[in-house]
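Notes follow once the structure below has been shown.
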Amino acid sequence: TQLLEQSPQFLSIQEGENLTVYCNSSSVFSSLQWYRQEPGEGPVLLVTVVTGGEVKKLKRLTFQFGDARKDSSLHITAAQPGDTGLYLCAGAKAGGTSYGKLTFGQGTILTVHP
Amino acid sequence: DVKVTQSSRYLVKRTGEKVFLECVQDMDHENMFWYRQDPGLGLRLIYFSYDVKMKEKGDIPEGYSVSREKKERFSLILESASTNQTSMYLCASSLWSLAGSDEQYFGPGTRLTVT
């Protein structure tokens, strides 16, 4: 079983602060996805990064895929209370037999205090 | 708008009972997945299916079975529920592609408590 190590597990910060969540593996993935989950709901996709070194921005969120496609990071600038939630990274392997399976990290619970 | 629905949001069952969790998707997706979610462990894959009547074990299949008789419906079965199966169960679906990077769409989850 491939492992995706996500850190930190918990983040509690004040509104306006910046933060970074890391997702690391010894395995190479064809793509890396980031999901956000709110209480009582299923995860919802934020972004997919596919190319080594790729950087994608979604408003105040910046996602980066490592050059070797083994790691990824999520950086949030000027966090707001609405960013509160569980953030999950998930790696995908290419190939006909992968059937779209994802390997998930343990998740980061982010709390942004007003 | 993709929709994945799960039959129950909350379920309380007794040890030894047979439990059925139902999942339905309306986007004609080939792939369907069952996960359990526990604090600090992320999502762990129980079973998945890439076509009708086809199923594959995930990382933690012990104590579970699945059924996919129709493309839109994927059922998770706990043959004899045990307390260590108390968890949040999430169903997801996705299109099939060679890149394997298609988004998974999740249902709202079923919180199962086994007493």
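The values are calculated or read from the model by the stated rules, or taken from the named source; none is laboratory data. Since we're looking at a predicted model, the values are computed, not measured. When we count neighbours, we look across all protein chains shown, and the Cβ atoms used for this are built from the backbone with ideal geometry, even at glycine.
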Margin query: Are there strands (runs of 3 or more DSSP E) fully within the range B:49-115 with at least 3 residues that are more than 14 Å from chain A (Cβ to nearest Cβ)? List them.
Written below: B:64-70, B:73-78, B:110-114
Check: Which of the following residues is in contact (Cβ under 8 Å) with a residue 40 or more places away in the chain and closer than 30 Å to A:Thr51 by Cβ: B:Tyr35, B:Tyr89?
Finding: B:Tyr35
Next item on the list: Tally the residues that are in a loop (DSSP other than H, G, I, E, B) and on the phi < 0 side of the Ramachandran plot, restricting the search to the range A:2-24.
Entry: 8
Item checked: Odd one out for A:Arg69, checked against (1) within 15 Å of the chain's Cα centre (by Cα); (2) within 25 Å of B:Tyr47 (Cα to Cα) -> (2)
Checklist line | The listed residue being under 27 Å from B:Ile46 (Cβ atoms) and surrounded by 15 or more Cβ atoms within 10 Å (Cβ to Cβ), out of A:Leu61, A:Leu19, A:Leu102 | finding: A:Leu102
Check: Within the range B:16-30, is there a residue that is closer than 30 Å to A:Thr51 by Cβ, modelled with pLDDT under 95 and within 11 Å of another protein chain (Cβ to nearest Cβ)?
Finding: yes
Next item on the list: Select, from A:Lys70, A:Lys93, the only residue that is crowded, with 16+ Cβ neighbours inside 10 Å, facing another protein chain (nearest Cβ under 7 Å), within 29 Å of B:Glu30 (Cα to Cα) and among the charged types (D, E, K, R).
Entry: A:Lys93
Notebook entry, point to check: How many residues are buried (at least 17 other Cβ atoms within 10 Å of the Cβ) and touching a residue at least 24 places away in the same chain (Cβ under 8 Å) when one looks only at the range B:38-71?
Noted result: 9
